Amino acid sequence: MGSGAAAGSVRTRYLVYFQYLGTDFNGVAAVRGAQRAIGVQNYLEEAAERLNSVVPVKLTISSRTDAGVHALSNAAHLDVQRRSGQPPFSPEVLAKALNTHLRHPAIRVLQAFRVPSDFHARYSATSRTYLYRLATGCPQPDQLSVFEQNRCWALRADLDVAAMQEAAQHLLGTHDFSAFQSAGSPTTSSVRTLRRASVSPDLPSPFVLPQESRRLRFWSLEFESQSFLYRQVRRMTAVLVAVGLGALTPAQVKMILESRDPLGRHQTRVAPAHGLFLKSVLYGGHGDLATGNPAWAQWDYQPDDFSPETRGPKAGGLE
């Protein structure tokens, strides 16, 4: 484990689930250096500094999201190495401490689990699900409730949802999704397996006034795969919306997919970031908040684990 301050100390790895509204961030990944833009990871790591780990805490994010994209539940792993003789934080205390020291109100830690030292938040994930929200019957974006702005893509016209559902079927299965990949993807292979692609009515928004609810309708698109290419979901969404608006046919979606051409004439279509949510990340069929705890979660909460160094802000620390 090293010498000096690290001698005799124990390093513990945690899986942390967190959510955020992406409006104020330059994506989830940390922005390093003197740039003014900032990522969700910057705030999480700043909060993690207050854990007084012997080794600085760095988060490894499961799923990178672009500027403006939201997450109902993203995930990351981190290592905390406490001083010699101090027991590891329980998962509950770790989550409480991170939330205590988070400086941005649009980020919240949901839950934490202890995981094996070789667990990897990105590579161990077996499933990721994205949700894209649409609002139809909105002539101008500023006619959408302020509570829904930056949380859905507002469209003027109604959608042919049956045609969208038919088109979505062409995307299911294992394909080379090059035609739905934006430049800048770090991956070497464009082959992915899309397990689910659904288009369905969403519940009426509780934030829309009664007189507006007669013209406004909300829709949800959901996509599930082990992993996605860069902007794949936003580009698939844009093409399905084009089908719903009558600009493309379901058969043309199949042709776009089979073209494997990321620069094709239909591929300038990219749905706005603000309608996209990372909904869940699963590990071995376990671990998502909706499906229960992972088999390897260790619940070892001790009331006195919430030690003075993590109870609250110190002078010059977090507010």
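The values are calculated or read from the model by the stated rules, or taken from the named source; none is laboratory data. What you see is a predicted model; the values in this text were computed from it and never measured. Glycine also receives a Cβ, built like all others from the backbone with ideal geometry; neighbour counts cover every protein chain displayed. For the accessible areas, the whole protein counts, side chains as well, though only heavy atoms, and no ligand, DNA or RNA atoms are used. Shrake-Rupley method; radii C 1.70, N 1.55, O 1.52, S 1.80 Å.
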Among the residues that make up region 171-186, is at least one of them of a type in the set (Gly, Ala, Ser), modelled with pLDDT of 95 or more and open to solvent by 30 Å² or more (accessible area, probe 1.4 Å)?
no
Of the residues GLN19, GLN35, which single one is surrounded by fewer than 20 Cβ atoms within 10 Å (Cβ to Cβ) and under 13 Å from the mean Cα position of the chain (by Cα)?
GLN19
Is one or more of the residues making up region 76-92 assigned to a helix (DSSP H, G or I) and surrounded by 21 or more Cβ atoms within 10 Å (Cβ to Cβ)?
yes
Do you know which residues across region 228-264 are hydroxyl-bearing (Ser, Thr, Tyr), at pLDDT 95 or above and closer than 25 Å to ARG122 by Cα?
THR237
Please give the number of the condition GLN267 fails out of (1) under 11 Å from ALA179 (Cα atoms); (2) modelled with pLDDT of 95 or more.
(2)
Take region 130-152 and flag every residue that is open to solvent by 10 Å² or more (accessible area, probe 1.4 Å) and not in a loop (DSSP other than H, G, I, E, B).
TYR130, LEU131, ARG133, PRO141, ASP142, GLN143
Do we have PHE277 as among the aromatic types (Phe, Trp, Tyr), buried (at least 16 other Cβ atoms within 10 Å of the Cβ) and not in a loop (DSSP other than H, G, I, E, B) here?
yes
Residue pairs, Cβ under 6 Å, 6 or more apart or interchain, first in region 102-120 and over 17 Å from ARG50 (Cα atoms) and of a type in the set (D, E, K, R), second modelled with pLDDT of 95 or more and not in a strand (DSSP E or B). List them.
ARG114/PRO91
Residue pairs meeting the criteria (Cβ under 6 Å; at least 6 apart or on separate chains; first without any contact (Cβ under 8 Å) to a residue 40 or more places away in the chain, in region 164-179; second in a helix (DSSP H, G or I) and surrounded by fewer than 18 Cβ atoms within 10 Å (Cβ to Cβ))
none
How about region 232-260: which of its residues are in contact with an Asp or Glu (Cβ under 7 Å, 6 or more places away or on another chain) and open to solvent by 60 Å² or more (accessible area, probe 1.4 Å)?
GLY246, ARG260
So which residues in region 220-231 are open to solvent by less than 80 Å² (accessible area, probe 1.4 Å), over 30 Å from PRO139 (Cβ atoms) and either in a strand (DSSP E or B) or among the polar types (S, T, N, Q) (or both)?
GLU224, SER225, SER227
Failed item, numbered, when GLY68 is tested on (1) at positive phi; (2) crowded, with 20+ Cβ neighbours inside 10 Å:
(2)
Can you name every residue in region 165-185 that is in contact with a helix residue (DSSP H, G or I) (Cβ under 7 Å, 6 or more places away or on another chain), assigned to a helix (DSSP H, G or I), farther than 13 Å from ASP261 by Cβ and of a type outside the set (D, E, K, R)?
ALA167, ALA168
Just checking, does region 198-212 include any residue being open to solvent by less than 50 Å² (accessible area, probe 1.4 Å), modelled with pLDDT of 95 or more and more than 20 Å from VAL270 (Cβ to Cβ)?
yes
Return yes when ARG114 is over 15 Å from the mean Cα position of the chain (by Cα) and of a type in the set (Lys, Arg) and no when it is not.
yes
Kindly provide the set of residues from region 189-219 that are of a type in the set (Val, Ile, Thr) and assigned to a strand (DSSP E or B), ordered by number.
VAL191, THR193, VAL199
Identify, please: which residue in region 153-164 is at pLDDT 95 or above and assigned to a loop (DSSP other than H, G, I, E, B) and is, among those, farthest from the chain's Cα centre (by Cα)?
ASP160
